[in-house]
């Protein structure tokens, strides 16, 4: 009987160690999962911020401001604007 008790005790100890190891691994994996979720949330926030910045940089007001102030471009005046109609003959004196 004493050998059977020792064997059962050894099996119980091995199972207890196995349970502790499994719980530790599960906790470690859960912590890793939480870290990855945090990184994913951070990436989504960065993506949203980049989308906002891209929208601001591509706005027509900002482009026009850069053209006028940075490149010193001007809108053409009506005297410098010509309209060309395709498919209709032009008067002979016009060119």
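The values are calculated or read from the model by the stated rules, or taken from the named source; none is laboratory data. Worth saying up front: this structure is predicted, and the values here are computed from it rather than measured. Neighbour counts run over all protein chains shown; Cβ positions are idealised from the backbone, glycine included.
Some values worked out for this structure:
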| read-out | value |
| --- | --- |
| Residue satisfying condition, being assigned to a loop (DSSP other than H, G, I, E, B) and modelled with pLDDT under 95, within set 54, 90 | 90 |
| Qualifying residue in the range 35-43 (condition: assigned to a helix (DSSP H, G or I), on the phi < 0 side of the Ramachandran plot and either over 20 Å from the mean Cα position of the chain (by Cα) or touching a residue at least 12 places away in the same chain (Cβ under 8 Å) (or both)) | no |
| Pair list, Cβ < 8 Å and 6+ apart or interchain, from the range 5-24 residues that are without any contact (Cβ under 8 Å) to a residue 24 or more places away in the chain to residues that are in a helix (DSSP H, G or I) | none |
| Count of residues meeting criterion [part of a helix (DSSP H, G or I) and surrounded by fewer than 10 Cβ atoms within 10 Å (Cβ to Cβ)] in the range 57-84 | 7 |
| Pair list, Cβ < 8 Å and 6+ apart or interchain, from the range 66-95 residues that are closer than 30 Å to residue 56 by Cα to residues that are modelled with pLDDT of 75 or more and in a loop (DSSP other than H, G, I, E, B) | 67/73; 68/74 |
